[in-house]
Amino acid sequence: MATVVLVHGAWGGAHGFRHVRKLLRDAGHEVSTPSLTGIGERRTPQPAACFSEEVHLAQELEIYAFTRSYIKATRSAPDDRGEAAFRRAAQRARQSPDWSYYEIDTNHMVASNRPQETASLLARIAEGA
């Protein structure tokens, strides 16, 4: 089985992965879902400030074998003001040889709306299928 780290997007939180986390753990995977600065107990006065905050790691991330996977929701939320930025990020992931790109037919709440499909896709990615 694999170790899976799920990182939420802007204004999301680790709680958004609770159903997916359970499904992956039940399948035998080790799952980590950190909450990033700006969210919940790590809230900042200006969430956008978390994008320029320095990140300090105990070890270089590149020493670990990992895959970068981008899962894009194909439907927009009714008032999706950040749509252009997400489209650009998805386009970069789709075109980069360093990323694997996937789509799930739902709105931006992928893990909450489609937990089984999300967990199945993540398990296939983690197992190298």
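The values are calculated or read from the model by the stated rules, or taken from the named source; none is laboratory data. Owing to the predicted nature of the structure, the values given are computational and were not obtained by experimental measurement. Cβ placement follows ideal geometry from the backbone for every residue including glycine, while neighbour counts extend to all protein chains displayed.
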**Report entry** Check on F66, closer than 21 Å to Y102 by Cα, crowded, with 16+ Cβ neighbours inside 10 Å and modelled with pLDDT of 70 or more
**Finding:** no
Requested in this report: Could you please give the count of residues in the stretch 77-112 that are modelled with pLDDT under 75 and surrounded by fewer than 13 Cβ atoms within 10 Å (Cβ to Cβ)?
Outcome: 6
Query raised in the report: When only residues in the stretch 1-30 that are touching a helix residue (DSSP H, G or I) at 6+ places or on another chain (Cβ under 7 Å) and farther than 24 Å from A89 by Cα count, which is surrounded by the most Cβ atoms within 10 Å (Cβ to Cβ)?
Result: L24
